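Computed from the coordinates by the stated procedures, all read-outs in this text should not be read as laboratory data. None of the values given here were measured: they were computed from a predicted structure. Neighbour counts run over all protein chains shown; Cβ positions are idealised from the backbone, glycine included.
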Amino acid sequence: MLFALALPGCSAVKLGYNNAPEISYWWLDGYFDFNSSQSSKLRQELISVQAWHRQNELPAYVKAIEKIQRLVPGKVTPDQVCEVYADLKPRFQALIDQTEPLIVSMAPTLKPEQIVHLARQLDKRSDKWREEWLEGSLPERRERRVKQWLDRIEMLYGRLDEPQLVVLRGQVAESSFDAIIISRESQRRHQDTLQTFRKIQADKLTADKIKSEVHGLLERSILSPDAAYRAHMEKLTQENCKVVATLHNSITPAQRKKALGVLDNYASDALTLMLAR
């Protein structure tokens with residue numbers, strides 16, 4: 001369900017997926033400001049990554065959706081929700097593994113001014129995040145989290161009724177979500193990224209050393225060296241599974257029917273995309 005809630009609206013899935021290489025390119029270019037040579041190489045590599053993903057990963061997503069569909073008709077436990085999440089984590093790791101060679105090949109081509117540009121963009125991102133999650137009163141920040149949940153939940157189930165909103169607000173109020181811990185980890189990742197790219201750019205490393213540096217960066221991004229952050233995210237994951245299970249068990253027959261329809265559309269879209277070239 002966490003997977004389904006993370007997806008955009010069904011009508012946008014196929015359009016977004018088919019244009020993913022171009023969308024990804026423009027998103028990355030906003031951070032790095034690539035030159036023409038880098039742009040040409042990156043566009044081609046992203047097309048290759050998408051072709052791999054279409055052939056190897058979409059079938060796994062279909063299986064995940066089918067598993068979720070089997071859970072929808074009945075009540076679910078937090079453990080069942082977390083099991084779905086655990087099934088999908090290897091898919092993210094597979095994508096990281098597939099894109100690692102692309103990062104290895106692009107990193108040595110970065111110029112000092114591009115790393116400066118990246119630093120500015122990361123600072124802007126951090127400022128925006130702090131404005132949303134560290135500033136304002138506690139009730140305001142909690143309401144932002146409620147809205148964040150609603151944007152995803154109502155995509156699957158449709159509009160929640162007032163008793164369900166009360167439950168959601170109660171779950172958010174009890175959450176251990178700590179924006180300071182998450183902000184600190186974000187800053188660690190930003191500095192780690194910049195230091196790694198600067199080292200590759202300045203030290204003229206061998207191909208094997210560059211591969212090692214990039215691999216280490218990605219490993220630290222997936223599994224933070226900060227034990228407090230890891231513990232916090234594990235606790236949040238358990239809490240989020242409880243939120244999804246609690247809300248799912250409160251849905252009406254009409255909301256359940258809508259959820260099954262949405263999941264059918266996702267599965268249909270994924271099957272169509274698997275056949276497309």
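Things worth noting here:
- In the stretch 235-277, of all residues being among the small types (Gly, Ala, Ser) and part of a helix (DSSP H, G or I), the one that is nearest to residue 49 (Cα to Cα) corresponds to 270.
- Conditions (1) within 20 Å of the chain's Cα centre (by Cα); (2) farther than 22 Å from residue 97 by Cα; (3) without any contact (Cβ under 8 Å) to a residue 12 or more places away in the chain; number of the one not met by residue 223: (2)
- Answer residue from the stretch 146-171, given it is surrounded by 14 or more Cβ atoms within 10 Å (Cβ to Cβ) and charged (D, E, K, R) and is farthest from residue 240 (Cα to Cα) among those: 154
- When the stretch 97-117 is limited to residues that are among the aliphatic types (A, V, I, L, M) and surrounded by 15 or more Cβ atoms within 10 Å (Cβ to Cβ), the one that is farthest from residue 197 (Cα to Cα) turns out to be 102.
- Any hit, the stretch 154-172, residues being of a type in the set (S, T, N, Q) and either without any contact (Cβ under 8 Å) to a residue 12 or more places away in the chain or not in a helix (DSSP H, G or I) (or both): no
- Residues that are within 20 Å of the chain's Cα centre (by Cα) and not in a helix (DSSP H, G or I) were ranked within the stretch 176-214; the one that is surrounded by the fewest Cβ atoms within 10 Å (Cβ to Cβ) is 178.
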